[in-house]
Amino acid sequence: MVLVHVSDWRYGEGVLRELRLVKPVPGAVRDVQDWWGQSNWTMCVEVEAMANVDDVAAYILNRQGPMTAMKLQKLCYYSQAWHLVWDSEPLFNSRIEAWANGPVVVDLYRKHRGQFTVTDWPLGDPARLQPNEVESIDVVLGTYGSMSAYDLSAQTHREAPWKDAREGLAPGDRCDKQITNSAMAEYYEGLVA
């Protein structure tokens, strides 16, 4: 159990960014005064660590072996998109942007920048993934894992989440527009309906 200040929840989203609320502990909510004298709710909750994109990347590389950074990016993107459809929740909480070569998970890019081939991902821990998350990633790898980075990139260019985020831009233009979870969920859910 951890003690969580609700004011941190609202204003310092990084505090709980990597945590999933499991359940509040009965009777453990109280009003406290912070050192400015402002009232803040504090509660004791049970939490479990939420997987992050590093965990997903590590799992993909463990299963598939070395691959280009671009392919790793696209497999993480599709894992996020399809997990949103199947489980109605994100697999990880990292921003995805509509770059010229397709969707890019910015947190992942910052860590592999300058590498053409990625062989392993020691920053992640696949053991943090829940069984339903592993299942989503495995289905994505079974569907997309044999495709080349360029084929995956070309496919994302034909799909609405990337195209809509880049609306009005020329093919090679730089772009930092976000591909939202709602845009991914709506589009990919429409493919199975």
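The values are calculated or read from the model by the stated rules, or taken from the named source; none is laboratory data. Please read all numbers here as calculations on a predicted model, not as lab measurements. Please note: Cβ atoms are built from the backbone with ideal geometry, for glycine as well, and neighbour counts cover all protein chains shown. Calculation scope for accessible area: heavy atoms of the full protein, side chains included, ligands and nucleic acids excluded. Shrake-Rupley method; radii C 1.70, N 1.55, O 1.52, S 1.80 Å.
The 1.4 Å probe gives accessible areas that order F116, F92, largest first, as F116, F92.
Taking only protein heavy atoms and a 1.4 Å probe, the accessible area of region 73-191 is 49% carbon and sulfur. Positive contributions from Lys and Arg (+1) and negative ones from Asp and Glu (-1), summed over other residues with Cβ under 11 Å from the Cβ of M184, come out at -4. The amide H of V118, built 1.01 Å from its N in the peptide plane, has M67, T68, A69 as neighbours under 5 Å, considering only residues 5 or more places off or on other chains. Each residue of region 151-167 was assigned a 3J(HN,Hα) from its phi angle through the Karplus expression (A = 6.51, B = -1.76, C = 1.60, θ = phi - 60°), giving 5, 5, 4, 4, 5, 4, 5, 8, 9, 4, x, 6, 4, 5, 5, 9, 3 Hz with x at Gly and Pro.
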